[in-house]
Amino acid sequence: MSDHAAVAEPVHEEAERTERPKPKRLPPYAVVVLNDDDHTFPYVIETFMKVFGYTQTKSFLLASDIHVHGRAAVWTGPKEVAELKRDQIRSAGPDLFAASKVTYPLGVVLEARPG
């Protein structure tokens with residue numbers, strides 16, 4: 001056996017610096033609630049308080065915005081969370097405040113935002 005230790009080749013920094021593509025950032029998604037003539041303000045407010053943890057005041061202001069403009073973005077964030085929030089709104093149950101039975105959920109869509 002040889003008494004000489006193996007000498008490691010010098011590592012070239014350039015060889016280690018391989019160009020890796022940067023991951024593409026996904027755009028944020030907005031949860032947009034649509035106005036209708038059947039769901040009541042108390043129902044919408046209660047739903048927003050349950051789903052988003054918003055205060056009664058913030059929920060009322062969002063419901064008013066939906067009523068006046070026909071739609072409003074009520075939350076924005078990652079797509080997976082937006083899908084969950086949309087599904088939670090859709091499954092909020094019946095509007096017990098309505099004079100007539102409302103059998104369909106609030107209209108809600110997701111929209112990609114510039115990110």
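Rg over Rh for the chain works out to 1.50, using Cα positions for both radii and the Kirkwood form for Rh. Multiplying the residue separation of residue 55 and residue 111 by 0.36 nm and subtracting their alpha-carbon distance yields 17.8 nm.
Protein-only accessible surface at a 1.4 angstrom probe places the residues 48, 60 in the order 60, 48, largest first.
Provide 71, 20 ordered by accessible surface of protein heavy atoms (probe 1.4 Å), highest first.
20, 71
Relative contact order for the chain: 39 percent, from Cα pairs under 8 Å spaced at least 6 residues apart, divided by residue count.
Evaluate the charge dipole of the chain about its Cα centre and quote only its size in Debye, nearest 20, assuming +1 on the Cβ of each Lys and Arg and -1 on the Cβ of each Asp and Glu.
Approximately 500 debye in magnitude.
Mean residue ellipticity at 222 nm, helices only, the chain: -11000 deg cm²/dmol; runs of at least 4 DSSP H residues each add -39,500 (n - 2.57), and the sum is divided by the number of residues.
The values are calculated or read from the model by the stated rules, or taken from the named source; none is laboratory data. Everything quoted here is computed from the prediction, not taken from an experiment. Here the Cβ is made from the backbone with ideal geometry for all residues, glycine too, and neighbour counts use every protein chain on show. For the accessible areas, the whole protein counts, side chains as well, though only heavy atoms, and no ligand, DNA or RNA atoms are used. Shrake-Rupley method; radii C 1.70, N 1.55, O 1.52, S 1.80 Å.
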